[in-house]
Each structure stands twice: as C-alpha cells, then as structure tokens.
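Asks: After the structure tokens below, expect a handful of questions from me.
The values are calculated or read from the model by the stated rules, or taken from the named source; none is laboratory data. Predicted model only: the values in this text are computed from it and were never measured. Every residue, glycine as well, gets a Cβ built from its backbone with ideal geometry; the counts of neighbours run over all protein chains shown.
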Amino acid sequence: MRKILSILTTTALLTTASIANENTGCGLGSQIISNQDSVLMQIFAATTNGTSGNQTFGITSGTSGCAKPAKFVSNDRANEFVAGNMDALAKDISNGQGEALTTLATLLNVSNKDVFASKLQANFDKIYTSENVSSAEVIDNIVSLG
Amino acid sequence: MIIAVKKAVQLFFGLLLFQTSLFSSSSVSENIIDKLSQNKQWHRLLHFKNGKSEIDDKKFFFAKNGKTDPKAELKASIKELILDKSDDENSTLCHYPSRSTWILEQIPILKKEIKIPKCKALKKELKDLGAKYVTLILASAHINSPASAFGHTFLRIDNNPNTPLLSYAVNYAAQTREDNGFIYAYQGLFGGYKGRYSIEPYYKKLKEYSDLEQRDIWEYTLNLNQEQIDRMVLHIFEIRHFYADYFFLNENCSYNLLWLIEIATQKSNLVNQFKFKAIPIDTLRTVINNGLVKKSIYRSSKRKEILAISEPIKNNKKALDFAQSSDYNFSKIENMTKEEKIASLELATSLLKIKYSNNKISKKKYLPKFLKILGTRSKLGKVAKREIPTPSSPKDGHLSSKASIAYITDKAVKAKAKIAYHDIYDNDNGFISGAYISFFDTTIEYKNSDIFLEEIDFLDIKSYAIQDSIFKPISWQVALGAKRIFNNELNSYLTAGAGVTLGKDNFYGFATITPTVYYRETTKSSISGNIGIFYNPSKYLKFGISSSNEWFENSKEIKKIEPFITYSFDKKSAINIRYEYKDIDKIKENDTTISWFWYF
C-alpha cells in the first residue's frame with residue numbers, strides 16, 4: 001500500500017506538460033512545437049517565472065533567409081511577416097478575416113481592407129496552390145490577383 | 001623576455017592612461033564628475049541599488065570597482081570615451097550607447113574631445129525598430145497551471161499601434177536549458193542562471209503564450225513621450241550585451257523591466273518598491289499606480305477563441321465529431337446550416353493546429369489536411385466576428401500576499417501568513433477560476449495559553465480546470481509541507497493527485513483522488529477522495545463547500561465537511577466564516593472559524 005501510494009504521488013508529479021520549441025522554415029507548418037516535460041519542471045518554471053532558452057536579440061525574425069518574391073521585391077517587412085506567419089495567414093484568408101490578414105493589408109498599403117479580404121478568400125486555392133507553397137509564392141500569388 | 005615586453009607594454013599603457021586622465025580632468029572638473037556621479041539617473045543607468053550594481057557581467061564596467069562605485073565608473077566611462085578612437089560597432093559609444101548619450105548630454109563639451117563613431121549597425125537596428133510606443137504586456141495564467149498565475153511580463157515596442165503583429169517584444173529571461181525541476185528551482189532561487197534582455201518579433205511571443213500555452217494577454221500602452229522612449233531603447237541596446245544573475249524571486253523578468261521604465265522616465269521610483277519578491281502582477285500594479293499606463297487592451301487566449309468559434313455547434317454532436325476526427329469526412333456536415341458548417345470547419349482547423357503543435361501529428365500528415373479544411377472553409381464566405389467578453393482584469397484581483405487572524409469557537413486563535421498567492425477561500429475576481437497556489441503558508445495557533453506551529457505549507461497547488469465541450473483537462477493538485485496529524489504531532493507530508501472539474505467559471509464542482517505520504521520518524525500513507533463546489537457570484541461574495549474522506553493504511557479514517565463564505569470588502573481585505581465537521585475514527589468534532597484576511 002505504502003509503495004503504491006508513493007509511486008502514485010511521484011507519478012502525479014512527473015506527469016507531462018509542455019514547454020515551447022520552435023520549428024522554423026519558409027513554408028506552411030513552421031510553428032512552435034511543444035516538448036513534453038514534467039509537471040514538476042513546469043511548476044518550477046512557472047512559479048519562478050523563468051523563461052528558458054538561449055538569448056535571441058534580433059530585429060529580424062529569423063525568416064530573412066527565405067526566398068524573396070519575384071513581383072514584390074521592395075517590401076522586406078511584408079516578406080518577412082508572411083514567412084513568419086504562414087499558417088495564421090492561411091487561416092485568416094480562408095476565414096476572410098483576422099489580425100494576420102489585416103496586418104498584411106497594412107503592409108501592402110491596401111486601402112479597402114474588406115474588399116481585399118473577400119478577394120483573397122474567394123481565391124484561396126489560387127494563393128495556396130500546394131502544401132509546399134513558399135512564402136514568396138504566396139506573396140506573388142496575392143499580388144497577381146491584382 | 002616575454003615578461004619584459006609585457007611589462008613595457010603595461011608601462012606604456014599606464015603612461016597613456018595617466019596622460020589621458022590629466023587630459024580629461026582638464027576639460028571635466030572633478031567637481032562635475034562628483035556631482036554627476038550622484039545623479040539618480042546615472043545610478044539607474046548602472047542598475048545601481050543598495051550600494052551596488054545589479055549587473056554581474058564584468059564587461060559592463062570600465063572601472064575595476066565600478067560595480068560598487070558609481071563615481072569611479074563614471075570617471076572610467078568618460079576616460080574610455082575620450083581614449084577610444086575606433087570607428088566600428090565595438091567602439092565605446094556604439095557598444096554603450098545609453099551611458100555615452102547621457103554623459104554627452106550632461107557634459108556637452110566632451111563632444112569636441114571624442115571621436116564620434118558612425119554606429120551603422122546600431123542606427124539600422126534603431127531605424128528598423130522605429131520605436132514610437134511602448135506597451136507593457138502581461139501574459140496571465142496558463143490554463144491548468146496555477147503556477148503561471150503570477151503571470152509573465154515583457155515590453156512591446158510599437159511603430160504602429162494598429163499592427164501589433166509587426167512590433168517587437170523585449171523580454172528579460174534566465175538563460176538555461178535545464179530540464180531537471182529541482183536543479184532549475186535551486187539555481188533559479190540562488191542566482192545560478194544568467195539573466196539577459198532579448199528582443200524578437202511580438203508575433204513569436206503570441207504564438208508561444210496565446211496559441212500554445214492558451215494564456216490571456218493584457219496589453220498596457222505606456223504613457224511615455226518620444227524622448228523617453230528613445231532613452232529606453234538606447235538602454236536596451238546597451239544592456240543587451242551584459243548579463244545579471246537571475247533571481248526568480250526578486251531580480252526576475254518583471255522586476256528588470258522596471259529598470260527600463262525608470263530609465264525612460266528619469267523620475268519614477270519603481271525599482272525600490274520591490275525588495276525580496278517581485279511578482280509580475282504586482283510590478284504591473286506599481287506601473288499603473290504611478291500613472292504610467294495610458295490604456296489597456298485584452299487579447300483572449302486561443303482556447304477562448306476556439307470556444308467562441310464553436311458556440312453554434314456546442315450541442316451538435318455530429319459537428320463536434322467531425323471537427324475532432326482525423327479524416328474530416330465532409331459529407332458528415334453537408335446537410336448542416338452554413339453557420340454550423342463554418343463553425344465545424346473553423347473548429348477543425350484550430351484543433352488540428354493544436355494537435356500539430358503538441359507533436360501529435362507529423363507535418364506530412366498535417367499539411368494536406370490543413371489546406372483541405374481551409375479550402376473548403378474559404379468557399380463559405382464571412383461570418384460576423386465573434387465577440388469574446390473581457391474577463392475581470394488581473395490588476396483588479398486581491399493583492400498577492402496575505403495575512404489572516406482567526407478565532408475558532410473552541411477558544412483558539414490562529415495567525416496565518418503567506419508570501420503568495422491565491423487560495424480556495426479568496427474571491428476569484430481577477431484570477432483564473434479554479435487555479436489556486438499558495439507559497440510558504442504558515443499557521444501559528446494559540447490555545448490553552450500555549451503557542452505552537454500548527455501548519456506550514458511550502459507549496460500548495462490546486463488546479464480545478466473546468467472541462468467543456470472541446471477541452472477536457474485533468475484537474476490536479478500538489479502540496480508539500482508539515483501539519484499536525486496523528487496525536488497532534490507535526491508530520492511532513494507530500495500530496496499529489498488528480499481528478500475532474502465541471503461547470504462554468506463562477507460556479508463549478510470538482511472530484512479528486514489524492515494519495516498522501518506523511519513522515520515523522522516513520523512514513524505513513526493515505527488516500528483521500530475529495531469533492532466540492534465553489535460559487536463566486538460577484539467580486540464581493542464567494543461560497544464553497546467541500547468534503548473529503550481520507551483512508552490510512554492502518555485502516556483509520558478521517559471524514560471532513562467544510563462549508564464557507566467569504567465577503568471581500570476590496571482588494572485588501574475580506575472576512576471569512578467557515579464551519580468544519582470532522583470525524584476521526586468515529587470521534588466527532590466540529591468548530592466554526594471566523595477569519596479576517598488582510599492582503600498586501
């Protein structure tokens with residue numbers, strides 16, 4: 001009985017929770033992936049409010065290595081934003097609204113954001129042509145819609 | 001031979017230093033240096049507090065005793081500025097832009113004596129950042145993790161307030177890859193890690209806190225003008241090169257942001273208000289109380305967004321099954337209304353993303369499914385944006401430390417105090433409901449003219465995470481401490497268990513099973529079944545009733561029933577009345593306790 005209880009107590013402490021890790025890239029599916037970690041670690045991490053990980057000090061997002069779109073070369077900020085937010089943007093375009101979509105519209109100096117959103121939504125398949133579509137192609141496809 | 005050369009070189013540089021010190025003292029009088037070295041802003045720039053700088057990186061100081069002597073450091077910094085004729089990024093001015101700018105502002109005549117480098121990289125970074133606004137961000141509790149209730153704070157530097165996704169986050173954190181909780185806690189408590197400031201796109205932080213950890217985000221735009229913002233940014237660009245030992249309790253993430261805000265304003269007194277602990281939510285309150293916040297914006301967690309999306313189908317089993325399936329058979333939702341279809345598809349996308357984030361599905365399997373659902377969704381047009389109600393603000397919750405005095409009907413008096421934070425008897429306004437955590441909760445009892453330690457809880461966490469139609473979190477609890485049990489003797493104990501919670505935010509019930517190990521000379525163990533209901537109708541009132549049955553290995557048994565009511569007057573005080581019925585091996589006891597809670 002005692003043993004079982006001790007084991008139960010310890011197991012409860014070591015049940016898994018998660019911490020963040022990043023899977024970067026220039027295409028779809030680049031996002032933070034969580035690692036499994038013990039509740040114990042998580043309790044300490046959160047109560048002591050420490051953040052783990054190596055120091056980053058970058059005004060760039062780490063996506064500046066991605067290919068540049070052919071038709072819209074001048075706007076680095078837009079390229080980088082799309083590369084860093086591929087999945088969120090795809091979701092917003094499919095829904096016809098959302099913060100990532102509004103931000104892109106601002107970056108592209110679009111005056112009528114509602115019309116822009118509807119146009120992109122109606123042409124989702126033309127923008128996200130395949131699962132391997134790159135951020136540069138997404139921008140090119142959006143700009144091609146005119 | 002080599003030693004002789006070294007000596008000669010040292011002598012040469014010694015002479016050089018001697019000369020420049022003469023040089024600098026000719027243009028900058030000892031008087032000015034003396035006066036400036038006592039300037040509060042100079043102390044802020046050095047993170048100087050209680051007789052020394054909190055920066056532990058030796059490279060931060062030019063003077064050997066710079067950590068403890070602001071005057072020596074000022075002198076050495078001026079000397080270094082004059083001496084350094086380099087024109088690259090590592091020149092004194094480009095590398096230490098914050099103190100250099102301040103010194104040159106205070107002693108303008110120096111500008112003629114030093115070579116001003118171009119600092120091309122620094123200028124480009126400043127331009128890309130384009131700082132026009134600074135926002136203090138609070139990531140509140142992570143669902144099912146009461147420990148995160150203390151929150152995490154960081155700053156956001158904005159160029160355009162309408163596109164926060166393009167802003168940058170400035171974060172102070174301990175640098176570690178440790179995954180052993182005990183080592184992590186020990187090192188963290190005693191300054192074993194190096195703390196550094198970092199900067200990265202805000203959308204990355206959102207992915208981490210809002211998407212992955214399901215935390216609500218509160219954004220507080222600071223009341224700073226351009227000059228103050230520039231000063232803060234320059235300091236960030238200097239301090240980023242150096243580390244300070246990270247102490248989880250006080251010199252932590254949120255405390256270190258206060259330095260940045262103080263340096264910006266040049267006058268507020270924020271840092272000194274925190275001595276041995278700095279809880280993020282308290283640092284936020286201090287910033288607000290100093291009139292430094294212009295407005296606040298609430299950004300809901302992904303979890304709340306998902307619940308809002310699924311509102312039209314929350315009772316539609318077919319739709320929920322579709323969204324939670326792995327093959328997404330579209331024929332199953334074909335005959336539904338457009339609204340239901342949209343809800344099903346959007347919910348499906350969100351859940352799929354969570355699955356992918358949690359590593360439950362490979363990228364290869366995720367991508368085609370993701371695009372297929374989005375493509376189908378895109379054919380259905382728009383729906384009105386779903387409003388998510390703003391919950392009570394974390395700043396409006398009771399203060400985080402608590403002391404209480406209680407009178408018990410069997411003529412005992414209890415005094416209780418704890419460092420932090422929120423327990424079952426406290427009103428949940430401003431807190432995540434069901435998330436309870438107490439730190440170093442000590443109870444002293446006075447009874448029959450005797451005074452003794454009744455209980456000490458080092459850590460007591462209860463996570464009553466409410467299950468809903470989409471998310472089914474497991475409730476859990478952990479407690480470690482010492483309490484009086486078995487012939488009223490003090491036993492150390494460890495409890496850890498799990499269960500289920502159902503209901504809604506202000507009215508819910510739980511059931512948990514908790515095994516416990518006690519130790520005093522020998523170990524004893526027990527297993528306990530617990531149930532309870534909490535009702536929190538307003539920021540003034542909270543009711544609760546709980547019952548437990550604890551079975552010991554020697555077949556002894558303790559039964560308990562405890563109803564309570566708490567009336568909170570404000571953030572600082574509350575009154576609590578509790579009745580307790582105990583049955584210890586058929587010996588029945590009952591008493592009523594009246595407590596006064598004082599939060600501070």
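Asks: For the range B:492-503, does any single residue satisfy the condition of being in contact with a Lys or Arg (Cβ under 8 Å, 6 or more places away or on another chain) and away from chain A (no Cβ under 11 Å)?
Replies: Yes; the residues of the range B:492-503 include at least one that is in contact with a Lys or Arg (Cβ under 8 Å, 6 or more places away or on another chain) and away from chain A (no Cβ under 11 Å).
Asks: In the range B:461-505, what residues are of a type in the set (Gly, Ala, Ser) and under 20 Å from residue B:515 (Cβ atoms)?
Replies: B:463, B:465, B:475, B:479, B:481, B:482, B:492, B:496, B:497, B:498, B:499, listed by residue number.
Asks: Follow-up question, since we're still on this one. Look through B:529, B:544 and report the one residue that is assigned by TED's automatic domain parsing to the domain that holds residue B:445, in contact with a strand residue (DSSP E or B) (Cβ under 6 Å, 6 or more places away or on another chain), free of Cβ contacts under 8 Å to residues at least 24 places away in the same chain and under 28 Å from residue B:505 (Cα atoms).
Replies: B:529
Asks: Among helices (runs of 4 or more DSSP H) lying entirely in the range B:306-394, which contain 3 or more residues that are out of contact with any strand residue (DSSP E or B) (no Cβ under 8 Å at 6 or more places or on another chain) and polar (S, T, N, Q)?
Replies: By residue number, B:338-357.
Asks: Taking the conditions exactly as written (in a strand (DSSP E or B) and farther than 24 Å from residue B:440 by Cβ), does residue B:519 satisfy them or not?
Replies: For residue B:519, the condition - in a strand (DSSP E or B) and farther than 24 Å from residue B:440 by Cβ - is not met.
Conditions tested, residue by residue: (1) under 24 Å from residue B:159 (Cα atoms); (2) within 14 Å of another protein chain (Cβ to nearest Cβ); (3) touching a residue at least 60 places away in the same chain (Cβ under 8 Å); (4) not hydrophobic (A, V, I, L, M, F, W, C).
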position	(1), (2), (3), (4)
B:204	yes, yes, no, yes
B:208	yes, yes, no, yes
B:222	yes, no, yes, no
B:227	yes, no, no, yes
B:246	no, yes, yes, yes
B:249	no, yes, yes, no
B:269	no, no, no, yes
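Yes/no per residue for (1) among the hydrophobic types (A, V, I, L, M, F, W, C); (2) within 14 Å of another protein chain (Cβ to nearest Cβ); (3) farther than 27 Å from residue B:523 by Cα:
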| position | (1), (2), (3) |
| --- | --- |
| B:390 | no, no, yes |
| B:471 | yes, no, yes |
| B:479 | yes, yes, no |
| B:483 | no, no, no |
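Asks: Sort out which residues of the range B:366-416 are without any contact (Cβ under 8 Å) to a residue 12 or more places away in the chain and not small (Gly, Ala, Ser), and write them in order of number.
Replies: Correct list: B:367, B:368, B:371, B:379, B:382, B:385, B:389.
Asks: Oh, and also: Are any of the residues in the range B:487-495 acidic (Asp, Glu), under 19 Å from residue B:148 (Cβ atoms) and not in a loop (DSSP other than H, G, I, E, B)?
Replies: No, the conditions are met nowhere in the range B:487-495.
Asks: Looking only at the range B:352-384, count how many residues are more than 9 Å from chain A (Cβ to nearest Cβ), buried (at least 18 other Cβ atoms within 10 Å of the Cβ) and of a type outside the set (Val, Ile, Thr).
Replies: 2
Asks: Let me ask another. If you check residue B:561 against the conditions, is it touching a Pro at 6+ places or on another chain (Cβ under 6 Å) and either within 24 Å of residue B:411 (Cβ to Cβ) or free of Cβ contacts under 8 Å to residues at least 60 places away in the same chain (or both)?
Replies: For residue B:561, the condition - touching a Pro at 6+ places or on another chain (Cβ under 6 Å) and either within 24 Å of residue B:411 (Cβ to Cβ) or free of Cβ contacts under 8 Å to residues at least 60 places away in the same chain (or both) - is not met.
Asks: Residue B:141: out of contact with any Phe, Trp or Tyr (no Cβ under 7 Å at 6 or more places or on another chain), surrounded by 24 or more Cβ atoms within 10 Å (Cβ to Cβ), farther than 30 Å from residue A:105 by Cα and more than 7 Å from chain A (Cβ to nearest Cβ), yes or no?
Replies: So residue B:141 passes the test.
Asks: Further question: Does the range B:311-321 contain any residue that is within 14 Å of another protein chain (Cβ to nearest Cβ) and either in contact (Cβ under 8 Å) with a residue 60 or more places away in the chain or over 20 Å from residue B:216 (Cα atoms) (or both)?
Replies: no
Asks: Let me ask something additional. Can you name the residue in the range B:432-468 that is over 21 Å from residue B:532 (Cα atoms) and in a loop (DSSP other than H, G, I, E, B) and is also nearest to the other protein chains (Cβ to nearest Cβ) among such residues?
Replies: B:448
Asks: Report, by residue number, each residue of the range B:438-469 that is surrounded by 19 or more Cβ atoms within 10 Å (Cβ to Cβ) and touching a Ser or Thr at 6+ places or on another chain (Cβ under 7 Å).
Replies: Answer for the range B:438-469, where residues must be surrounded by 19 or more Cβ atoms within 10 Å (Cβ to Cβ) and touching a Ser or Thr at 6+ places or on another chain (Cβ under 7 Å): B:454, B:457, B:460, B:463, B:464, B:465, B:466.
Asks: Let me ask something additional. Looking at the range B:564-599 only, could you name the residues that are without any contact (Cβ under 8 Å) to a residue 24 or more places away in the chain and assigned to a strand (DSSP E or B)?
Replies: Residues satisfying the conditions are B:575, B:577, B:579, B:580, B:581, B:587, B:588, B:589, B:590.
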